[in-house]
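A.B. asks: Take this structure, written in structure tokens, and hold onto it; I'll ask about it next.
The values are calculated or read from the model by the stated rules, or taken from the named source; none is laboratory data. Here the structure is a predicted model, which is why all the values come from computation and not from measurement. Note that we place each Cβ from the backbone using ideal geometry, even for glycine, and neighbour counts take in every protein chain shown.
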Amino acid sequence: MSTNPILWVALVIALGTLAAWIVQFVRTRRGGSARDRGAWWEGPWDEDDPPRKS
């Protein structure tokens, strides 16, 4: 039984979408979002600041 390659592509896309939805659901159930914590690129980057003179 040979299946159409388009069906395999559709199945992979559907599984990827389902996995993304599950990850988003788990993240919101754990009590936080990117808006609450700040995005991963908005960190306290000390190495970007010039050295402080005391």
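A.B. asks: So Arg52 clears everything in (1) assigned to a helix (DSSP H, G or I); (2) modelled with pLDDT of 65 or more except one condition, right? Which one?
C.D. replies: The single condition Arg52 does not satisfy is (1).
A.B. asks: Moving to a separate point now. Would you be able to say whether some residue in the range 1-22 is surrounded by 10 or more Cβ atoms within 10 Å (Cβ to Cβ), in a loop (DSSP other than H, G, I, E, B) and at pLDDT below 90?
C.D. replies: no
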